[in-house]
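Quick one: structure below, then a few questions.
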Amino acid sequence: MTRKKSNDFDTELRARIAALEADGLLRELRRVESPQGTRLEIAGRALLNFSSNDYLGFAKICAPSRKKTRSAAPTRSGRSRA
C-alpha cells in the first residue's frame, strides 16, 4: 500500500500531536494487567475502576438473581433462547 502525500490537514494534525507530546499532554491508553472489576491493576498498582459499568460492584451481588430471572423468562413468554 502506497502512502499518499500529506495534505495541510495531516501536517497540522501531526504538528499538534507533536506539540502535545512535547508538553507531556498526549494521552495514551494504558494496558490493564488484571480482569475488569471494581479494582484493577495498572503498572503494578491496584486502582479503583471508575470507568467500568460496574464500578460499585453491584453486578456481582445481583448476578445470581438475574440468572434465575433469565432462566424463567423463556417459560413465561413461551419462547426459547436458542
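Bear in mind these aren't lab numbers, they're just calculated from the coordinates by the rules spelled out. None of the values given here were measured: they were computed from a predicted structure.
Under 5 Å between amide hydrogens, which residues at least 5 positions from Arg39 or on another chain qualify, with H placed 1.01 Å from N in the peptide plane?
Long-range HN contacts for Arg39: Asn49.
If you don't mind, another one. Taking 0.36 nm per residue of separation and subtracting the Cα-Cα distance, what length does fully extending Leu48 through Gln36 add? Walk me through the numbers on the way to the answer.
On the way: separation 12, 0.36 × 12 = 4.32 nm, distance 1.03 nm.
Taking 0.36 nm per residue and subtracting the Cα distance, the gain is 3.3 nm.
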